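What follows is a single structure, written as structure tokens, with notes after it.
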Amino acid sequence: MAGPTTAQPGAPGRADPSAHPPHGGPEEPRIGRRTLLILIGVAVALLTAFVIWVLYGSSWLRVEKVGTSGVEVLTREEVEAVAAVPVGAPLVSVDTDAMERRLRQKLPRIDTVDVVRSWPDGIGLKVTERKPVLLVEKGGAFVEVDAEGVRFATVDKAPKGVPLLELTPEPSASLRRFGGDGLLREAVRVAGDLPAGVARDTRVVRVASYDAISLRLTRDRVVTWGSGEDGAVKARVLAALMKAAPKAGQFDVSAPTAPAVSAS
């Protein structure tokens, strides 16, 4: 009797495992490219709408407080009244440029101002005021002039330590050439070049013409400055003269290479 035989590869009735690999289950559905783009677009639109609502529609980012810094002569109340910050409005909607222009126009004492958003609920007003370097007397009051020659304010009382400008030009070629404003700028230029100690003691800056500017100091001292040219050199020479002759009453630095000093 014949014994059992071994089935041969490919014999009928026998499945070949290598011929039919096992399946890993049902195939997972795939999202089409078009559908994916639509979903992304919807998500972006929803996110954009939410951001717009947060900025403009919600109560989270609205103006609730105003802060002012840098004021010295002006008061915070003056500045904030002119600024007219729209409290309660969405912070993102505040027109900071328009506010800056309004402050400079209505408060000429302001030299620069920076209006900034202070998230999440504030507006900051950073003010720099003009500083007077000269005063022009007018009708019993005093017009303040800054370092750029700008007449920016009229006050009843002269600020301490600011010299008075006496602009009394005689009819001359320099007056016709430079005009009153040009001579005023020369006086400002001279005031800015003075040594600190001399500036503190200066009571009057007198301008007769472009090249005839003089100073009246405390203790009846007089300085002949000349024109506004070579101001830094003249300042150094004047400081040296005053140190060498502290009791002198007349100083002439109009020609700084040949200065002069006398008792009176």
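Counting the residues of region 63-92 that are open to solvent by 60 Å² or more (accessible area, probe 1.4 Å) and more than 22 Å from the chain's Cα centre (by Cα) gives 2. Given the criteria out of contact with any Lys or Arg (no Cβ under 9 Å at 6 or more places or on another chain), at pLDDT below 95, part of a helix (DSSP H, G or I) and within 27 Å of SER209 (Cβ to Cβ), does GLU186 qualify? Yes; evaluated as a whole, the condition is true for this residue.
Close Cβ contacts (under 9 Å, 6 or more residues apart or on different chains) running from residues in region 93-118 that are closer than 23 Å to VAL155 by Cβ and touching a residue at least 12 places away in the same chain (Cβ under 8 Å) to residues that are open to solvent by 30 Å² or more (accessible area, probe 1.4 Å) and assigned to a strand (DSSP E or B) comprise PRO108/ARG151; ILE110/THR128; ASP111/THR128; THR112/LYS126; THR112/THR128; VAL113/LYS126; VAL113/THR128. Within region 229-251, restricting attention to residues that are assigned to a loop (DSSP other than H, G, I, E, B) and on the phi < 0 side of the Ramachandran plot, the residue that is most open to solvent (accessible area, probe 1.4 Å) is LYS247.
Results for (1) buried (at least 17 other Cβ atoms within 10 Å of the Cβ); (2) more than 36 Å from the chain's Cα centre (by Cα), shown as yes or no for each residue.
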| site | (1), (2) |
| --- | --- |
| ASP201 | yes, no |
| VAL205 | yes, no |
| ILE213 | yes, no |
| THR218 | no, yes |
| SER227 | yes, no |
| VAL253 | yes, yes |
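Of all residues in region 144-165, those that are crowded, with 16+ Cβ neighbours inside 10 Å and outside any loop (DSSP other than H, G, I, E, B) total 7.
Just checking, which of SER174, SER118 is modelled with pLDDT under 95 and open to solvent by 50 Å² or more (accessible area, probe 1.4 Å)? Residue meeting the stated conditions: SER118. Going through (1) without any contact (Cβ under 8 Å) to a residue 60 or more places away in the chain; (2) touching a helix residue (DSSP H, G or I) at 6+ places or on another chain (Cβ under 6 Å); (3) of a type outside the set (Ser, Thr, Tyr) one by one, VAL205 falls short only on (1).
The values are calculated or read from the model by the stated rules, or taken from the named source; none is laboratory data. Everything numeric in this text was worked out from a predicted model, so none of it was measured. Neighbour counts are summed over all protein chains in view; Cβ atoms, including those assigned to glycine, are modelled from backbone coordinates with ideal geometry. To get the accessible areas, we keep the full protein, side chains included, count just its heavy atoms, and leave off ligands, DNA and RNA. Shrake-Rupley method; radii C 1.70, N 1.55, O 1.52, S 1.80 Å.
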